[in-house]
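The values are calculated or read from the model by the stated rules, or taken from the named source; none is laboratory data. This structure is a prediction, so every number in the text was calculated from the model and none was measured. Every residue, glycine as well, gets a Cβ built from its backbone with ideal geometry; the counts of neighbours run over all protein chains shown. SASA here: full protein model, heavy atoms, side chains in, ligands and nucleic acids out. Shrake-Rupley method; radii C 1.70, N 1.55, O 1.52, S 1.80 Å.
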Amino acid sequence: MKFVAFERAKQGTGASRRLRISGKTPGIVYGGEGKPQLIELDHNALWHALKKEAFHSSILEMELGGSTSKVLLRDVQYHPFRQLVQHIDFQRVDARTRMTVKVPLHYTGEEESVAVKIDHNLVNHVMTELEISCLPADLPEFIEVDLSGLTNTATIHVNDIKLPKGVKFVSHGKNNPVLVSAVPPLVAEEVDEAAAGAEAAEGAAAAPAAGKAAAPAAGKAVPAAGKAAAPAGKAAKK
């Protein structure tokens, strides 16, 4: 991707504020063999460029002062609540020097996997980007991870995927972190268990109620029988 930047002469809080009011964004480009240089960019063009994934994870061509150089986006500062880019940093790229950068992970084939199609697992994307080290020429725009072979309750680690040529994973102490995990649908089982428990409770409550209803009915029947027998005895005496 290409973008245009302009040299910025003034620096400081006041100068940057005036620059933003005029529709520009202050920035800086550093690294490589050149000295750090203050730059400014058109805010609207920059805002739309930042919405593209490639602007964050690929080598960019910056046109500045009639010459073009290859740079990499390193930092963006946004306003806390306004749609405003307050500052942006770029790093010059040396074709002979390895660099460390985060690239997005693109997951594919999830719906065709056994875990989802047959076992109805929920697939958790534990990591959405991967930090890698490579030469500028080997930098991928993204890394694709095929999930079509995912099975029931399985997990996929970094060592399970094939990285592009010349690309190495930067572990930071975590040698083989989990990228994806398949989890069984526990919610449905919990609902079934809750329904079974409710039915059992209803059955247990109905049993004492039935016993109480039967006991008064039996008690009332005994006096009735006694009253019926008494007149019969008087008739015999006569």
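Before moving on, here are some points about what is shown:
- Residue list for the range 1-54, filter: free of Cβ contacts under 8 Å to residues at least 12 places away in the same chain and under 30 Å from the mean Cα position of the chain (by Cα): HIS48, LYS51
- Subset tally (residues that are touching a helix residue (DSSP H, G or I) at 6+ places or on another chain (Cβ under 9 Å) and either open to solvent by 50 Å² or more (accessible area, probe 1.4 Å) or in a strand (DSSP E or B) (or both)) for the range 23-40: 5
- Test: residue in the range 48-58 that is charged (D, E, K, R) and either farther than 22 Å from PRO140 by Cα or touching a Lys or Arg at 6+ places or on another chain (Cβ under 6 Å) (or both): no
- Failed condition for VAL123, given (1) more than 26 Å from PHE55 (Cβ to Cβ); (2) without any contact (Cβ under 8 Å) to a residue 40 or more places away in the chain; (3) not aromatic (Phe, Trp, Tyr): (2)
- Whichever residue in the range 85-98 is in contact with a strand residue (DSSP E or B) (Cβ under 7 Å, 6 or more places away or on another chain), in contact (Cβ under 8 Å) with a residue 40 or more places away in the chain and not β-branched (Val, Ile, Thr) and, among such residues, is farthest from PHE142 (Cα to Cα): GLN86
- Here HIS120 fulfils each of the conditions (1) surrounded by fewer than 14 Cβ atoms within 10 Å (Cβ to Cβ); (2) outside any strand (DSSP E or B); (3) of a type outside the set (Lys, Arg); (4) in contact with a strand residue (DSSP E or B) (Cβ under 6 Å, 6 or more places away or on another chain) apart from (4).
- Residues located in the range 6-22, provided they are in contact with an Asp or Glu (Cβ under 7 Å, 6 or more places away or on another chain), assigned to a helix (DSSP H, G or I) and either loosely packed, with under 12 Cβ neighbours inside 10 Å or of a type in the set (D, E, K, R) (or both): none
- Residue count, the range 122-142 (criterion: out of contact with any Pro (no Cβ under 6 Å at 6 or more places or on another chain) and more than 13 Å from LEU179 (Cα to Cα)): 10
- Matching residues, the range 131-150, being open to solvent by 70 Å² or more (accessible area, probe 1.4 Å) and in a loop (DSSP other than H, G, I, E, B): GLU141, PHE142
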